[in-house]
Amino acid sequence: MTQNIVVAYDGSDHSERALDWAILEAQKRQEPLKIVLSTGRQTGLDQSIYGAFADALHQESERLATRAVEKAKAGGVTGQGIIERGDAAGVIVYEAQDASVVVLGKRGHHGVRGRVGSVSAAVAAHSAAPVVILPEEWRPDERETRPEGESFEGRVVVGVDKLGAKNEAVPQAARYAADHGLRLAIVSVVPTTSYLPMNSAELDRAVQEQLMAPAKELTDSVAEELRKDFPDLEIETRVLEGRPADALVDASRTAELLVMGTRGYGGFRGLLMGSVSQAALADAECPVMVVPTARR
């Protein structure tokens, strides 16, 4: 079965950016584009009242779908518009069963224009395919400039936990970086001693070393394993300090893409539904890819 790229579309500025991103990705992967619009759930209103409204919603959806398909065609991509009635998240997840990736904007309008942003977390949690969620205002040309050692410009960033390369998000991030001519940054986050009850500078130093060493060993081992499958990919490792959510959001300010799994282990347990992923999805300043991972 030929895979396709699914993009949730509602005519809003947010979904328009998602469509643009999906078209570029379809060009890169040479895959067709499935443009999905949801007209919402059936209501219990009398059909004599709701029928005309439903017809108007469908007509508007057809107009939007046609416009989106034409935009894809202008970009050299085969596009198909899909209009369905139902819960927006459920519709997108259903249509993404044969997708290589799903693309959503973080927010949308109500009604026919589907509240895309309100369902992004639900789609990411239940989709069988990786889900890319674009931030509300993504302007890659206007990102802040940082020194090379502090910047993630030109890099895909993936956070690792005790699962290492067995976390499906890790090879997915490597594949994306390799396919797009980007570098891969494997990061781990350790808490700073300021979060711990310390009263001695010497003790602070000792505890920090105890935290940093295993984190560095973990990231290096993941990098070494990935280099076997991606020998031409430039891979670097970094150990960040602070709260995991804050560190990943900060990395997103200069990164090309932030990649996470739906579930983690240890310090990243519960990614997506946990506080770390919720903060990343809410505050990341670059696109976030959420990769479905199995329970362990």
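The values are calculated or read from the model by the stated rules, or taken from the named source; none is laboratory data. Note that the structure is a prediction, hence the values are computed from the model and not measured. Virtual Cβ from ideal backbone geometry, glycine too; neighbours counted across all protein chains shown. Accessible surface is based on the protein model in full, side chains and every heavy atom, while ligands, DNA and RNA are left aside. Shrake-Rupley method; radii C 1.70, N 1.55, O 1.52, S 1.80 Å.
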Self-check item: Extended-chain gain in nm, criterion 0.36 nm per residue less alpha-carbon gap, ASP141 and ASP20
Solution: 42.0 nm
Quiz prompt | Difference of contour (0.36 nm per residue) and Cα-Cα distance, GLN210 to GLU153 | solution = 17.6 nm
Quiz prompt | Estimated distance in nm for a label pair at ARG227 and LYS73, the labels positioned 7 Å out from Cα along Cα-to-Cβ | solution = 5.0 nm
Practice problem: Work out from phi, with θ = phi - 60° and the Karplus expression 6.51 cos²θ - 1.76 cosθ + 1.60, the ³J(HN,Hα) of each residue of region 242-256, listed in order in whole Hz, and give x for Gly and Pro. | Solution: x, 7, x, 4, 5, 5, 5, 4, 5, 4, 5, 5, 10, 7, 7
Practice problem: Scan around ALA129 for amide H atoms under 5 Å from its own, H built in the peptide plane at 1.01 Å from N, and keep only partners 5 or more places away or cross-chain. | Solution: none
Quiz prompt | For region 98-105, 3J(HN,Hα) per residue [Karplus equation, 6.51 cos²θ - 1.76 cosθ + 1.60, θ = phi - 60°, Hz, x = Gly/Pro] | solution = 10, 8, 8, 7, 10, 10, 9, x
Exercise. List, in order, the whole-Hz ³J(HN,Hα) value for each residue of region 161-166 obtained from phi through the Karplus relation with A = 6.51, B = -1.76, C = 1.60 and θ = phi - 60°; use x for Gly and Pro.
Key: 10, 5, 6, x, 6, 6
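My understanding is that a pair violates if its Cα-Cα distance is over 27 Å; which of LYS166/LYS216; LYS28/LYS106; LYS106/LYS166; LYS34/LYS106 do that in this structure?
Where the Cα-Cα span goes over 27 Å, the pairs concerned are LYS106/LYS166.
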Practice problem: Would you kindly find the accessible area of TYR94, with a 1.4 Å probe and non-protein molecules such as ligands, DNA and RNA excluded, rounding to the nearest 10 Å²? | Solution: 140 Å²
